[in-house]
Structures are given as C-alpha cells and as structure tokens.
Amino acid sequence: MNRTLFFKTLTAAGLLLGVFAASPAWAQTADFPAKSVKFVVPFPPGSGTDTSARYFAKKFTELTGQTVVVDNKPGANGFIAVRSVLTAPADGYTVFVGSNSTLAVNVALFKSLPYDPVADFSPLSMMMRAPALLVVPAQSSYNTVGDLVTAAKAQPGKLDYGSGSAGYQLMAELFNDVAGVQLFHVPFKGASEAMTAVASGTVQMAFADITGAAELVKGGKLRALAVASDRRVPAVPNVPTAIEAGLPNFTAYTWVGAMVSAKTPKAETDKLAALLGKIEAMPETREFYEKLGAETMRGGAEEMRAFQNAEIQLWKRIVTKAKVEQQ
C-alpha cells in the first residue's frame with residue numbers, strides 16, 4: 001500500500017511539473033518583474049506627469065526590488081513617447097505614464113491620431129488629479145482674473161497664452177469661451193517650457209499644473225490668479241477658485257494614469273495593475289500629493305477605462321462648444 005501510494009504521488013507530481021513547464025506565461029508571471037522596468041513619460045522632467053512617474057517608480061522599486069528607469073520623451077503632442085511604447089516588446093516591462101492630454105484630449109483635438117488611446121492601450125491604474133492654476137508673470141499688471149478679462153476684451157487676439165500640451169490648450173480655450181475673450185495660442189514642448197515663458201513675460205498667461213507651478217508661485221516667479229477647482233487648495237490657500245474669481249462653473253483638472261500596450265499578456269498586465277494599486281493606496285502617497293495640491297485617484301483598470309472614456313467625451317464637447325479647429 002505504501003509503495004503504491006508513493007508511485008501515485010510521484011506520478012501526480014510529475015504531471016504537475018509538466019503542466020508548469022508547458023506554461024511559460026505562468027513561469028514568467030510568477031517572478032515578474034524579473035528585470036528593470038521602464039516608465040515612459042511624454043513630457044520633460046519637472047512636469048506633473050514626470051513627478052508622478054518618479055514617485056511611483058521609487059515606490060515600485062521598494063515593492064519589487066527592481067529598478068525603474070523614467071524615460072522622458074517630450075514633443076509632438078506625446079506622439080514620440082506613445083510610439084516608443086507601442087513599438088517596444090509588449091512584455092510588461094515598458095509602461096506608459098500618460099496624462100489627460102495623451103490619453104483623452106488628443107482624441108478631441110486631432111482629426112487623425114497615429115494611435116488610439118483606448119484600443120492601443122490596456123489601463124493599469126489611475127494615479128492622481130490636480131486642478132489647473134491660472135498664472136501670469138510675477139510683474140504682470142493683471143492682479144485678478146477680472147483685470148485679465150478686461151484687458152483681453154479690449155485687445156481681441158492680442159494677448160496670448162502658452163501651453164505645454166493639448167490639455168492646457170483646451171483649458172485655455174474653455175477660458176476663452178466662458179470669459180468671452182479671444183487669446184492667441186503659443187505652443188511649447190512641455191509644461192516647464194511654458195512656465196519659463198510665462199515667468200519671463202514671453203506670454204501673458206497660462207494654465208499650469210499646480211503640482212509644478214505652486215512652488216514657482218510661492219517663490220515669487222509667477223502670480224496665480226485662480227485655481228480651477230470647486231474648492232480652494234491647501235498648497236495655495238490664498239488663491240481664489242475660478243468660480244470665486246468670476247468664472248461660474250469653471251473647473252479644469254489634469255490627471256495622470258499608467259497604461260501598457262494592449263498586446264501585453266493579461267497576466268503581466270494584472271500584476272502591474274496590482275503593484276501600482278498598492279502604491280496608490282499607501283497613506284504616504286495621499287500625503288505626497290496633498291502637499292503638491294493634488295489628490296490620489298483610486299481605482300483599477302476598469303474604473304480607469306470608464307474614466308478615460310468619460311474624459312474623451314467631455315473634451316469632444318468642449319472642442320465643439322469652443323469651436324476649436326482640429327489639427
């Protein structure tokens with residue numbers, strides 16, 4: 001009896017090992033990630049998206065022991081970064097850390113995109129959202145939103161605004177529509193370039209990511225006229241909301257989320273989503289964003305996809321309402 005039981009056990013173990021040996025996907029996922037991971041960011045260092053990528057990269061390394069390389073590929077409305085992700089091996093080791101611009105706004109702003117932010121990507125995790133900050137040069141004669149609107153109405157098309165991405169462009173176009181003004185658009189490669197242009201007086205205003213602009217405001221390099229939120233933000237407590245400043249129902253948020261190529265195996269996609277979700281749920285992550293004037297966005301892959309689709313429809317409506325010419 002004992003000998004029979006021994007051989008039955010040995011046979012079952014051999015069959016089980018055979019199943020695992022014939023399943024390379026299982027073996028790969030069991031120790032995934034087994035090497036360095038790359039986070040591709042479509043904006044330069046210093047942007048809000050870059051800040052999120054570097055924070056999550058640090059926490060990802062702490063959880064897995066694997067290093068994370070943050071690869072900044074700015075320019076061309078995010079197309080360069082997107083292409084690098086979609087042409088890389090779809091093995092879970094290349095993650096796209098995108099924003100509302102690349103993952104939603106571009107759909108509304110361009111007649112034809114070289115990528116589909118829904119069909120070409122699988123969502124992993126929502127990371128954060130932050131209200132936009134309306135800023136002008138520190139030495140500007142505009143001290144309030146009212147001052148800016150009055151000047152813009154007196155000089156239609158003469159005042160300009162800078163934007164580091166399509167998302168900020170549409171926020172400014174919404175401002176044009178709500179305030180009844182006509183500001184001229186000056187594009188830049190990224191948020192940091194746009195902020196430099198505002199600080200130097202090259203452009204008269206811009207909508208900025210509060211996570212990067214708040215310190216410039218505190219440092220006296222920029223003046224904030226309003227925060228596009230439904231409530232004041234602790235990071236800049238003395239700055240009124242856009243609604244308080246005279247723009248009823250005006251709110252505009254930037255957001256950041258992580259995705260991988262849709263061709264990535266589900267096992268690796270799920271593992272990445274779980275790891276990023278753990279980071280998102282950490283108390284220190286909430287505290288990190290609160291100090292920047294932002295907030296974490298809880299939700300997994302399904303919630304992120306639903307949120308992304310809602311954002312796409314929102315910006316499509318704004319493009320139509322503001323009569324923005326598609327590129």
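Some notes on this structure:
- Selected residue (criterion: surrounded by the most Cβ atoms within 10 Å (Cβ to Cβ)) from residues of the range 206-262 that are of a type in the set (Lys, Arg) and modelled with pLDDT of 90 or more: Arg223
- Flag for Pro74 being assigned to a loop (DSSP other than H, G, I, E, B) and under 25 Å from Ala34 (Cβ atoms): no
- Yes/no for Asp160 being charged (D, E, K, R) and outside the structural domain of Gly78 (by TED's automatic domain parsing): yes
- Candidate set: the range 85-116, residues that are of a type outside the set (A, V, I, L, M) and buried (at least 24 other Cβ atoms within 10 Å of the Cβ); chosen: the one farthest from Ile318 (Cα to Cα): Phe96
- Ala108 fulfils the conditions (1) modelled with pLDDT of 95 or more; (2) in a helix (DSSP H, G or I) except for a single criterion, (1).
- Qualifying residue in the range 201-215 (condition: part of a helix (DSSP H, G or I), within 30 Å of Glu284 (Cβ to Cβ), out of contact with any Ser or Thr (no Cβ under 9 Å at 6 or more places or on another chain) and touching a residue at least 60 places away in the same chain (Cβ under 8 Å)): yes
- Scanning the range 283-308 for residues that are exposed (fewer than 14 other Cβ atoms within 10 Å of the Cβ) and closer than 22 Å to Pro123 by Cβ yields Arg298, Glu302, Ala306.
- Extreme residue, surrounded by the fewest Cβ atoms within 10 Å (Cβ to Cβ), among residues of the range 68-84 that are modelled with pLDDT of 95 or more and in contact with a helix residue (DSSP H, G or I) (Cβ under 6 Å, 6 or more places away or on another chain): Val70
The values are calculated or read from the model by the stated rules, or taken from the named source; none is laboratory data. Quick caveat, the model's predicted, so the values are computed rather than measured. Cβ sites come from the backbone with ideal geometry, for glycine too, and all protein chains shown count toward neighbours.
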